[in-house]
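Taking it in order: structure first as structure tokens, then the write-up.
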Amino acid sequence: MEVSSATARFQDSTTQFKEYEDYLDSKVTPTDKYYLKSRELARKVVEHGHKGTVLSREEFEEKKAAALAAEVAKINALYNRSRPVTLASAGKELKDNFLKALAEREEANRSGKMTSVIFIRDHNTLGQEVSGYIDYAHRLKTQDFEPYFSGKKRLVPGTSDLCFYNWETQISVSNSSPNFEAVYEDPNGLLFKNKRDKKILSVDPSSGPGEDSSRTFLQTDLHVHVVIYDHNIRTV
């Protein structure tokens, strides 16, 4: 407790005074001024530790910079929390179940409350059957989704997604994303490990999806087969 109290006092000292000299002046008493006759001399007496524990100039500057950085981070966090999230699905007339499901999950995936993995099986522009798993939150951050919600483009898995397989060419690719790591060594098959809470998301249809996760099978006119796995991030 004593160490914590001392640390708190030092932190107060860095934010209370604009300059190091102001900090030293705060420790000079009227008696010091009377006998020493010099403000500079009184400051040196304080600085050299003759008036108890005193921060050095370097310590003062370091703590002041740290306190300022913490304050800026706090302000930025409050600003980002209060700033409305721009949704690509806003104002769109969505008739297909798949697009409606994406719109329902867009805000949560953009804000970090949820991370969804989308499984899609369909045909690419060359007519080849492809399938793969997409990190929805990551795609939202790296792509403009307005064309998808407007019906100008179709969402299909690619070689940069979590997993991709071309059934004709037999090209298979897997990647980690900012939110998930693909796990292949498990005897139960392909798993995805969430990087934030370290919990496992299972895509095996014969087992449960995992803790804090859910699985939704969708009927859609846009793709042959679609499944969405939602993983909710608990906040402490």
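Remarks
- Protein accessible area in the stretch 90-236, 1.4 Å probe - carbon and sulfur %: 49
- Area of F60 that stays accessible when all protein chains are in place (1.4 Å probe, Å², to 10): 0
- Cut-off 19 Å, label 7 Å out along Cα→Cβ of Q128, residues of the stretch 194-227 by amide N: 224-225
- Straight-distance crosslink candidates among lysines, where the alpha carbon sits under 20 Å from K44 and sequence neighbours closer than 8 are dropped: K18, K27, K33
- Rolling a 1.4 Å probe over the protein heavy atoms gives the stretch 151-208 an accessible area of 60 Å² per residue.
- The R154 and K195 beta-carbon pair, evaluated with R₀ = 45 Å, returns a calculated FRET efficiency of approximately 0.95.
- Pairs over the 24 Å Cα-Cα cut-off, from the set K92/K199; K74/K193; K74/K113; K113/K195; K141/K193; K152/K193: K92/K199; K74/K193; K152/K193.
- Charged-residue dipole, Cβ positions (Lys, Arg, Asp, Glu), the stretch 181-236 about Cα centre, Debye nearest 20: 240
The values are calculated or read from the model by the stated rules, or taken from the named source; none is laboratory data. As the structure is a prediction and not an experimental result, all values here were calculated from the model. When we count neighbours, we look across all protein chains shown, and the Cβ atoms used for this are built from the backbone with ideal geometry, even at glycine. What goes into the accessible areas is simple: the full protein's heavy atoms, side chains included, and nothing from ligands, DNA or RNA. Shrake-Rupley method; radii C 1.70, N 1.55, O 1.52, S 1.80 Å.
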